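What follows draws every value from the coordinates through simple rules; no lab data is involved. Model, not experiment: these values are computed from the prediction. Cβ sites come from the backbone with ideal geometry, for glycine too, and all protein chains shown count toward neighbours.
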Amino acid sequence: MLNIVLFGPPGSGKGTQADLIVQKKQLTHISTGDVFRKNISQQTNLGKLAENYIQKGQLVPDDLTINLLANELDSYSDSNGYIFDGFPRTLPQAQAFSKLLEKKEMNLSFIISLEVSENELVKRLLNRGLDSGRADDKNQEVIRNRIQVYHNQTAMLKNFYLNKLKDSFFSIDGERTVNEISEDIFNIFLRKK
Ligand code: ADP
């Protein structure tokens, strides 16, 4: 079983790279952002709650997010492995995630951290906002807030995972072409086999 965490600020290309991995490897892609957006479009109770946070560029509270992730894992319980995209994003999420994986006798195989500068992130997100239909990509203030939240609450998880899984943590320069980045990621797959 192969379990991968794709880590990085908003707009760093996690979703793009997850899609490319799924095309080649039989893994289940779990994007907490996608699941929240699905709930919003279906106007579920969770969606209505999450929408208030997402539209301001804030994180959805940990208890909701951890529950959602646990449910996703349960609903794809016969998978060969998972790509976690956008989760965990806070220390409590990472701690709850470790416990959950332990309970399921699962391990993280590796963590890929995509590194992209702030100016490039803002440019990419505004660009994505032009045609993605995502309200949180249309407003420069919301975008800056998401990046700030990443620095305040999420970036520290690099140290958490470096301490926990030093040999399985890979930082990748995410400011290159999609193909170059993807090639680096598949090289990590080869090394970790
Ligand atoms: P991006 O990485 O471009 O911000 P995502 O689709 O991963 O896009 O996330 C969109 C929004 O969904 C986030 O700004 C946040 O409000 C919410 N969200 C997604 N994942 C999490 C999470 N693990 N914890 C809390 N909120 C989350």
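State the extension gain, in nm to one decimal, for the chain segment bounded by Asn127 and Leu101, taking 0.36 nm per residue of separation less the distance between their alpha-carbons. Intermediate values should be presented prior to the final figure.
Details: separation 26, 0.36 × 26 = 9.36 nm, distance 3.61 nm.
Additional length available on full extension: 5.8 nm.
Going Cα to Cα from Lys99, which lysines come in below 22 Å? Please leave out same-chain ones fewer than 8 positions away.
Excluding near neighbours in sequence, the set is Lys158, Lys164, Lys166.
Counting other C-beta atoms within 10 Å, which of Tyr82, Tyr150 has the fewest, and how do the rest follow? Don't skip to the answer; put the middle values down first.
Numbers: Tyr82 22, Tyr150 19.
Result, fewest neighbours first: Tyr150, Tyr82.
Taking N as the number of residues in the stretch 55-140, what is its Cα Rg relative to 2.2 N^0.38 Å?
1.31
Asp63 versus Ser77, label points 7 Å from Cα toward the beta carbon: distance in nm?
Between Asp63 and Ser77, the label points sit 2.5 nm apart.
Mind checking which lysines have their C-alpha under 17 Å from Lys123, skipping anything on the same chain fewer than 8 residues away?
Correct list for Lys123: Lys14, Lys138.
Just need the relative contact order of the stretch 36-186 here, percent rounded to a whole number, with Cα pairs under 8 Å and 6+ apart. Please list the in-between numbers first.
Details: 118 pairs, mean separation 40.2, N = 151.
So the answer I get is 27 percent.
Between the stretch 1-52 and the stretch 86-116, how many Å separate their Cα centres?
14
State the extension gain, in nm to one decimal, for the chain segment bounded by Gln43 and Leu165, taking 0.36 nm per residue of separation less the distance between their alpha-carbons.
Numbers: separation 122, 0.36 × 122 = 43.92 nm, distance 3.83 nm.
Taking 0.36 nm per residue and subtracting the Cα distance, the gain is 40.1 nm.
Among Pro92, Met156, Ser117, which residue has its Cα furthest toward the positive end of the charge dipole of the stretch 92-180, with +1 on Lys/Arg Cβ and -1 on Asp/Glu Cβ?
Pro92
Can you compute the charge dipole magnitude of the stretch 35-183 about its Cα centre, using +1 on each Lys and Arg Cβ and -1 on each Asp and Glu Cβ, nothing else charged? Give it in debye, rounded to the nearest 20.
Details: 19 positive and 21 negative charges, 83 e Å.
The dipole of the stretch 35-183 has a size of about 400 debye.
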